[in-house]
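Structure first, then comments.
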Amino acid sequence: MSDPLFGADDEANTPLEAEERHALIPTYIALRRELNEAEQVNIAGALRWLSSRRREVLDERFLRTLHKQMFGQVWHWAGTYRQTARNIGVDAWRIPMDVAGAIDDARYWVEHQTYPPDEIALRFSHKLVAIHPFPNGNGRFSRLVGDLLAEQLGQTRFTWGSVNLVDPNETRRSYVQALRAADSHDFAELIAFARS
């Protein structure tokens, strides 16, 4: 019988190590639905926090603080880079330098207008999710970072496929498929998905 809280219910979820699972803060949580709800409440609080802050998205300290704001009421490790291996992402020891490299790349793209603003924001978001710097929440974190960078570049936030509210599983599959295309340096599908 699978764990009702931490069972891998789909291939896109990042499994947590035992010590990471024990870092859950709310003691009432027993089901995945309850965990998802607690994380959503925490993320809503992070959005309120963001509304009253100056944001320098291309700053490593801001990124860690943002993750902590998004998940810090649910997980003790929020805002701290993972120390364990994952089924996706870079080796844990590479995270600090890869995040720094992603920030440097994005700063260069912005300064030299290498790509249109949407593409810059999505390339940066994609790099972060590919690195997978935190134990969990990387997809939601990287999408919010993409939104914030798009806004910083004078664009509106992305819709991230929200036009397909009928089937959230199909939306998730489309997102994962677009990320896989971006892994092969084809960003057209991710750009189209993010604005759909």
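Readers should treat all values here as calculations from the given coordinates under stated rules, not as data from a laboratory. The structure displayed is predicted, hence computed values, not measured ones. Here Cβ is always computed from backbone atoms with ideal geometry, including for glycine, and neighbour counts include all displayed protein chains.
Each listed q (0.16 Å⁻¹) maps to a log10 I(q)/I(0) for the chain from the Debye sum over equal C-alpha point scatterers, namely -1.11. Shown here for the range 25-75: chymotrypsin sites (Phe, Trp or Tyr not before Pro) in loop regions (DSSP other than H, G, I, E, B) with at most 10 other Cβ atoms within 10 Å, namely Y28. Between the C-alpha center of the range 37-74 and that of the range 130-154 there is a gap of 11 Å. 3J(HN,Hα) along the range 125-135: 4, 4, 4, 5, 5, 5, 5, 6, x, 10, x Hz, from the Karplus curve 6.51 cos²θ - 1.76 cosθ + 1.60 with θ = phi - 60°, whole Hz, x for Gly and Pro. Compared with the dominant principal axis of the Cα atoms in the chain, helix 138-152 is inclined by about 30°. Once you have a ≥ b ≥ c as the square roots of the Cα gyration tensor eigenvalues for the range 123-196, tell me rounded if a/c is under 1.5, and otherwise prolate or oblate according to whether a/b is larger than b/c. Taking the square roots of the gyration eigenvalues as a ≥ b ≥ c, the range 123-196 is rounded. If the segment from E60 to Y115 were pulled out straight at 0.36 nm per residue, it would be longer than the present Cα-Cα gap by 17.6 nm.
Helix-derived [θ] at 222 nm for the chain: sum -39500 (n - 2.57) over DSSP H runs of at least 4, divide by residue count, nearest 500?
After summing the helix terms and dividing by residue count, I get -17500 deg cm²/dmol.
Distances between placed amide hydrogens fall under 5 Å for W75 paired with I25, all partners being 5 or more residues away or on another chain.
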